[in-house]
1. Being touching a residue at least 60 places away in the same chain (Cβ under 8 Å) and either surrounded by fewer than 18 Cβ atoms within 10 Å (Cβ to Cβ) or within 14 Å of chain B (Cβ to nearest Cβ) (or both) is the filter here, so list the residues in segment A:40-65 that pass it.
2. For segment A:71-105, which residues satisfy the criterion of being β-branched (Val, Ile, Thr) and without any contact (Cβ under 8 Å) to a residue 60 or more places away in the chain?
3. Within segment A:208-240, track down each residue that is farther than 28 Å from A:Leu150 by Cα and within 9 Å of another protein chain (Cβ to nearest Cβ).
4. Given the structure, is B:Asp41 of a type in the set (Asp, Glu), assigned to a loop (DSSP other than H, G, I, E, B) and either within 13 Å of chain A (Cβ to nearest Cβ) or under 23 Å from A:Arg231 (Cα atoms) (or both)?
5. Looking at (1) over 16 Å from the mean Cα position of the chain (by Cα); (2) surrounded by 20 or more Cβ atoms within 10 Å (Cβ to Cβ); (3) not in a helix (DSSP H, G or I), which is the only condition A:Gly223 fails?
6. Go through segment B:1-27 and give me each residue that's within 30 Å of A:Phe68 (Cβ to Cβ), in contact with a Leu (Cβ under 6 Å, 6 or more places away or on another chain) and not in a helix (DSSP H, G or I).
7. Does segment A:197-208 contain at least one residue that is in contact (Cβ under 8 Å) with a residue 40 or more places away in the chain and in contact with a Pro (Cβ under 9 Å, 6 or more places away or on another chain)?
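Nothing in this text is a laboratory measurement; each read-out follows from the coordinates by a stated rule. Computed from a predicted model, the values in this text were never measured in an experiment. Here the Cβ is made from the backbone with ideal geometry for all residues, glycine too, and neighbour counts use every protein chain on show.
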Amino acid sequence: MNTSSITALPDIELKSPGAGLITLDPVRTALLRGLDDLLTGLAAQLSAPEVVGPPLLSVDGLARLDFFRNFPHLGVSAGRFGPDVLDGLASGGSPQDLPLQPTGHVLPSATCYGLLLSLEGADVGEDGLRLSAAGRCFRNETHYDGLRRLWGFHMREVLYLGTKDGATEHQARGGEFVQQVAGRLGLTLTRAAADDPFYDNGGSRARLMALDPVKYEYSAPDGTAIASVNRHRNFFGERLSIRAGSHGPAYSSCVAFGVERWVHAMILAHGTAEQALERLRAAVAGS
Amino acid sequence: MDQVSAWLHEKNPGLDGPIGVDEDLIEARLIDSMDFLEFIDLLEEISGTSIDLQEVTIDDFRTLARVQERFLDPAGHAEVPAGHAEVPAG
């Protein structure tokens, strides 16, 4: 993605529209775009074609992936005003307290869901399939915190579907890439087993994950997780009837980057957004 | 072991035929993560012994052969003290 090299802004403040919502200034925007370009290098290394996922996901599809069982709190709904309130709104009435009608869709909370749902019934073959995509993702949180925890953020993912061994290898190569890019950018990251904020925390899934981690996070020195590698065993393959040729239900894994969090980690490591951008440009020029 | 096989078939109605003793129950999700604690309960019920999750590894649950050896074989119990899951039993 080409980015304007002009990062100076007249003496104008870009106000935040609310908690968890930020308008990125030109320097942070240049960081976001430049970092996403760099992180897309994983897709190039792994020959993963770039696609654009859907902007909304069907609740029926997500329900089949246990999304609401696992994350009932996260989903940001796409509602719409019903016909009975349109006249009132059009004549200047306040939308604030009006009920919304469900559309059967929510905004994505992770980039890979839309890709996985698009592959329902597919056979990815013996060699498997990789896809790369970035999208804006949305999560209801109990609190928001600058670029560390936003209501909506960009998530870059490289997804693999194929064999069990292929999924493990994808996870391993993703982890190596994260550390390699971090090194080029002057970031020190800590790798640790992690679990998603499953609703059954302490329950069955959490116990199994403690014994057999399926997710590793890479965190900046202040504890902000900026990347993760995840494997799903054959869960999505089974639920969505995605096959890997004669291997049966596809195994899958993905590498995910929270791009605004990379911006945060760069500023944390290099002092200011301007210095972080200089470091990013030097890293890109030196590659 | 029949009870364990019956439980696995009940949870996986699409399964055809017997489950191989070396089949990976965890990776193939024959034991789904949502049912993992129920599986532990089943093993405790059959063996009459409680299982401390601090003292086991995932490999103890990975195959029917290992489950038999680690939790259901009385000789295995005698020779594999808790906390030494990697020591082969029997």
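1. Matches in segment A:40-65: A:Gly41, A:Gln45, A:Leu46, A:Ser47, A:Pro49, A:Glu50, A:Val51, A:Val52, A:Pro54, A:Pro55, A:Arg64, A:Leu65.
2. Answer for segment A:71-105, where residues must be β-branched (Val, Ile, Thr) and without any contact (Cβ under 8 Å) to a residue 60 or more places away in the chain: A:Val85, A:Thr103.
3. The first filter runs over segment A:208-240 and keeps only residues farther than 28 Å from A:Leu150 by Cα, leaving A:208, A:211-212, A:233-235, A:237-240.
Selection gives A:Leu208, A:Leu211, A:Asp212, A:Arg233, A:Asn234, A:Phe235, A:Glu238.
4. No, not satisfied.
5. Against the list (1) over 16 Å from the mean Cα position of the chain (by Cα); (2) surrounded by 20 or more Cβ atoms within 10 Å (Cβ to Cβ); (3) not in a helix (DSSP H, G or I), A:Gly223 comes up short only on (2).
6. B:Asn12 - this is the single residue of segment B:1-27 that is within 30 Å of A:Phe68 (Cβ to Cβ), in contact with a Leu (Cβ under 6 Å, 6 or more places away or on another chain) and not in a helix (DSSP H, G or I).
7. yes
Residue-wise test of (1) within 26 Å of A:Gly61 (Cα to Cα); (2) in contact (Cβ under 8 Å) with a residue 24 or more places away in the chain.
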| position | (1), (2) |
| --- | --- |
| A:Phe236 | yes, yes |
| A:Gly245 | yes, yes |
| A:Gly248 | yes, no |
| A:Ser252 | yes, yes |
| A:Gly258 | yes, yes |
| A:Val263 | no, yes |
| A:His270 | no, yes |
| A:Gln275 | no, no |
| A:Gly286 | no, yes |
